[in-house]
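All remarks here apply to the structure that follows.
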Amino acid sequence: MEERFEPPYPAIEADCCKSCGRCAAACPKGCLAISERYNRYGVKAVAYKGSGCVGCGICFYNCPEPYAIRIVRKGGAQ
Amino acid sequence: MDNALATKGMFPVFRRSGAESRTTHYCAGCGHGIIHKLLAEAYVDLGLQDRTVIVNPIGCAVFGYYYWDVGGVSAGHGQAPSMATAISRLRPDAITISYQGDGDLAAIGLGHTLQAAARGEHMAVFFVNNSIYGMTGGQMAPTTLVGQKTTTSPLGRNPETDGMPLHLCELIDALRLPVYIERVSVADTGRIMQARKAIRHALEIQRDKKGYAFVEILSPCPTSVGLKPLDAARFVTEKMEKEYPLGCLRDRSAEAPARPAPKPWVRLADFFGDDGREDPHPAAHDARERHFKFTGFGGQGILSLGLVVADAARALGLETTWLPSYGPEQRGGDAQCTVVTSTQLIGAPAVEHPELLVVMNQAACEKHLHTVRPGGLALVDATVRVDPAQIPQGVRVVQIPAIDIATAAGVPKAANVAMLGALIALDALGIPEQLLVEALERSFAKKPALIPANRQVLQAAIAHCRHHGLAGELP
């Protein structure tokens, strides 16, 4: 299940993540990190640290997987 | 401003990897996924999704049609620009995109690439350059950097034996008609945003019918280059960009004229005239498509026989095709032709399983007899030995001494006319005798002196069949 946070935040579909690390490296706030949890493909998926996101979308555009990350912003549908 | 930022324009589930998969087949850190998202976002934002067609290459992006929710086709290796040319010309309203990697576009497909660019075709070409063959396992590509190690350049690309990297944007910039040429990268955020602008601009050019747009995208291939995802992205910036500098080489989109409205298509029937099609002959009652094949060797009048039949069918008011096939020899090679008749428009002139096969020599018998459909008829010259084991179930074989009949009449070359006589006697064509005889005589319009002898052969063959009880008992 996808975790929910106070918007804005990166909503992560862990089963889509291939652990390349592009998003975490690109995040200007350093609020993403590869987690210790394995997804159904046996990959350690990226996870949001829970705070710090400003909703800039940089992680979304760096992520090569269409559905691994989306950005939930204030007032938007979750 | 959007209140959410998510992928648009791609299928919600990617059926390629199972019913529930939402992941691509690309390796971790591959640039393709980033580019796929940018392209999908662009056609959705520009309102072009419903008329976009993407031609997929051979290479890692071969499965693009599982991901992009637009029209998708795959082309033979390197041929995407040619297929895109056809799509763009046949569907001028389509937004035509060719999406190709460096092996596909710059190696095997270089000719297609340059010719489409030279013609200034209306298409956007997205060229994903990762400096290596990805899908086939990391071989050297035309774009491989000097010194770069690949499975086929294990000591590094050596310019003395392998030449220098191929610069596609610069090559295309030498041509007159391309409207927009830019090289971008997806190695980091700033570069991705520039790539996003370039991809959108290429699609705007298609929307505005301004012409050919070429966007080269430097993209990391962690697996084949042999680096971790972040290092592969760094390799693109630190190594590839030295060889392939980023930037816009040309943008003439503002001054380029828009494509003129295409001329309306002309139907073949309009072009050739309907020739009485509206009022078919009363005998043209058989609505089914009929498939005939005539076979023998060159010089036996095989093609002429088919033409006479086709001409008679046309006179009957039927739709008709005649398709010849023969070797490069003037005489003596395999010769065959197919005739298809129908009361409806005919889709294809090819005949795989004829209901009527005419065979004039041994080789043709061995080659074609087994293709006759059950319930069909094979009319075989008596000089041909028919192996009973080769006769398909439910096929009737009738042997006619066509060559002998023609020879006895003093016109050995008229064996084909003797066959026509047998076809008439057996009523094998569903075309009235009168129309066939008239068509035969029309075929001798330039040599009227030959008509009496041929008429004699025709009548001799009809008499032969009637004498042997071969008449009007056909499928």
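For B:Gly469, state whether it is touching a residue at least 40 places away in the same chain (Cβ under 8 Å) and not aromatic (Phe, Trp, Tyr). Judged against the criteria, B:Gly469 is not a match.
Of the strands (runs of 3 or more DSSP E) that lie entirely inside segment A:31-78, those containing 3 or more residues that are in contact with a helix residue (DSSP H, G or I) (Cβ under 7 Å, 6 or more places away or on another chain) span A:32-38, A:69-72.
One line per residue, one yes/no per condition, for (1) of a type outside the set (A, V, I, L, M); (2) in contact (Cβ under 8 Å) with a residue 40 or more places away in the chain:
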site	(1), (2)
A:Glu2	yes, no
A:Pro8	yes, yes
A:Glu13	yes, yes
A:Lys18	yes, yes
A:Leu32	no, no
A:Arg37	yes, no
A:Lys44	yes, no
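Restricting attention to segment B:147-180 and to residues that are among the aliphatic types (A, V, I, L, M), surrounded by fewer than 20 Cβ atoms within 10 Å (Cβ to Cβ) and in contact (Cβ under 8 Å) with a residue 60 or more places away in the chain, the residue that is farthest from B:Tyr244 (Cα to Cα) turns out to be B:Leu177. Could you check segment A:21-42 and list, in sequence order, the residues that are touching an Asp or Glu at 6+ places or on another chain (Cβ under 9 Å) and either more than 11 Å from chain B (Cβ to nearest Cβ) or over 19 Å from B:Ala233 (Cα atoms) (or both)? Across segment A:21-42, the qualifying residues are A:Asn39, A:Arg40, A:Tyr41.
Quick check: anything in segment B:237-260 within 26 Å of B:Gly9 (Cβ to Cβ), at pLDDT 95 or above and among the β-branched types (Val, Ile, Thr)?
Keep residues of segment B:237-260 that are within 26 Å of B:Gly9 (Cβ to Cβ), which gives B:246, B:248, B:251, B:253, B:258-259.
Now drop any that are not at pLDDT 95 or above, which leaves B:246, B:248, B:251, B:253.
With the extra rule that they be among the β-branched types (Val, Ile, Thr), the set shrinks to none.
No - not one qualifying residue is present in segment B:237-260.
One residue stands out among those in segment B:55-69 that are among the β-branched types (Val, Ile, Thr) and not in a strand (DSSP E or B): the one that is farthest from the other protein chains (Cβ to nearest Cβ), which is B:Ile58.
Just a yes or no: is a residue in segment B:425-439 without any contact (Cβ under 8 Å) to a residue 12 or more places away in the chain and under 19 Å from B:Gly296 (Cα atoms)? No, segment B:425-439 contains no residue that is without any contact (Cβ under 8 Å) to a residue 12 or more places away in the chain and under 19 Å from B:Gly296 (Cα atoms).
Taken over segment B:322-366, the residue count meeting the criterion of being surrounded by 16 or more Cβ atoms within 10 Å (Cβ to Cβ), assigned to a loop (DSSP other than H, G, I, E, B) and at pLDDT below 90 is 1. Whether a residue is surrounded by fewer than 21 Cβ atoms within 10 Å (Cβ to Cβ) and within 14 Å of chain A (Cβ to nearest Cβ) was assessed, and B:Asp188 passes this test. Scanning segment A:63-74 for residues that are surrounded by fewer than 24 Cβ atoms within 10 Å (Cβ to Cβ) and within 16 Å of B:His36 (Cα to Cα) returns A:Tyr67, A:Arg70.
Look at segment A:43-63 and say how many of its residues are of a type outside the set (Lys, Arg), away from chain B (no Cβ under 13 Å) and within 11 Å of the chain's Cα centre (by Cα). It would help to see each step written out before you state the result.
Within segment A:43-63, the subset of a type outside the set (Lys, Arg) is A:43, A:45-48, A:50-63.
Now drop any that are not away from chain B (no Cβ under 13 Å), which leaves A:47-48, A:50-52.
If we keep only those that are within 11 Å of the chain's Cα centre (by Cα) as well, we get A:47-48, A:50.
Going through segment A:43-63 one residue at a time, the tally reaches 3.
The lone criterion from (1) in contact with a Cys (Cβ under 8 Å, 6 or more places away or on another chain); (2) modelled with pLDDT of 95 or more left unmet by A:Gly30 is number (1). Within segment B:415-443, the set of residues being crowded, with 17+ Cβ neighbours inside 10 Å and either part of a loop (DSSP other than H, G, I, E, B) or not assigned by TED's automatic domain parsing to the domain that holds B:Ile403 (or both) comprises B:Leu426, B:Ala428, B:Leu429, B:Gly430, B:Ile431, B:Pro432.
From B:Glu319, B:Glu278, grab the single residue that is at pLDDT 90 or above and of a type outside the set (Val, Ile, Thr). Give the steps one after another, and end with the answer.
On the way: B:Glu278 fails: at pLDDT 90 or above.
Among B:Glu319, B:Glu278, only B:Glu319 is at pLDDT 90 or above and of a type outside the set (Val, Ile, Thr).
Out of all the residues in segment B:70-80, is one or more assigned by TED's automatic domain parsing to the domain that holds B:Met140, among the β-branched types (Val, Ile, Thr), assigned to a helix (DSSP H, G or I) and buried (at least 22 other Cβ atoms within 10 Å of the Cβ)? Scanning segment B:70-80 turns up no residue that is assigned by TED's automatic domain parsing to the domain that holds B:Met140, among the β-branched types (Val, Ile, Thr), assigned to a helix (DSSP H, G or I) and buried (at least 22 other Cβ atoms within 10 Å of the Cβ). Among the numbered conditions (1) touching a helix residue (DSSP H, G or I) at 6+ places or on another chain (Cβ under 7 Å); (2) without any contact (Cβ under 8 Å) to a residue 60 or more places away in the chain; (3) assigned to a loop (DSSP other than H, G, I, E, B), the only one that B:Ala28 does not meet is (2).
Say we look at segment B:192-217 and pick out the residues that are assigned to a helix (DSSP H, G or I) and not aliphatic (A, V, I, L, M); which of these is surrounded by the most Cβ atoms within 10 Å (Cβ to Cβ)? Can you show your working first?
In the first step, residues of segment B:192-217 are kept if they are assigned to a helix (DSSP H, G or I); the result is B:192-207.
Remaining after also requiring not aliphatic (A, V, I, L, M): B:194, B:196-197, B:200-201, B:204, B:206-207.
Values: B:Gln194: 18, B:Arg196: 20, B:Lys197: 14, B:Arg200: 17, B:His201: 18, B:Glu204: 17, B:Gln206: 25, B:Arg207: 16.
Within segment B:192-217, the match that is surrounded by the most Cβ atoms within 10 Å (Cβ to Cβ) is B:Gln206.
Here B:Phe63 meets the list (1) under 27 Å from A:Cys59 (Cα atoms); (2) buried (at least 24 other Cβ atoms within 10 Å of the Cβ); (3) touching a residue at least 40 places away in the same chain (Cβ under 8 Å) almost entirely, failing just condition (2). When the test is whether a residue is within 12 Å of chain A (Cβ to nearest Cβ) and buried (at least 18 other Cβ atoms within 10 Å of the Cβ), B:Pro220 passes it.
Selection of segment B:37-58 for residues being in contact with a helix residue (DSSP H, G or I) (Cβ under 7 Å, 6 or more places away or on another chain) and more than 19 Å from B:Ile87 (Cβ to Cβ) yields only B:Leu38.
The values are calculated or read from the model by the stated rules, or taken from the named source; none is laboratory data. Just so we're clear, the structure is a prediction, and the values are computed from it rather than from any experiment. So basically every Cβ, Gly included, is an ideal-geometry build from the backbone, and we count neighbours across all protein chains shown.
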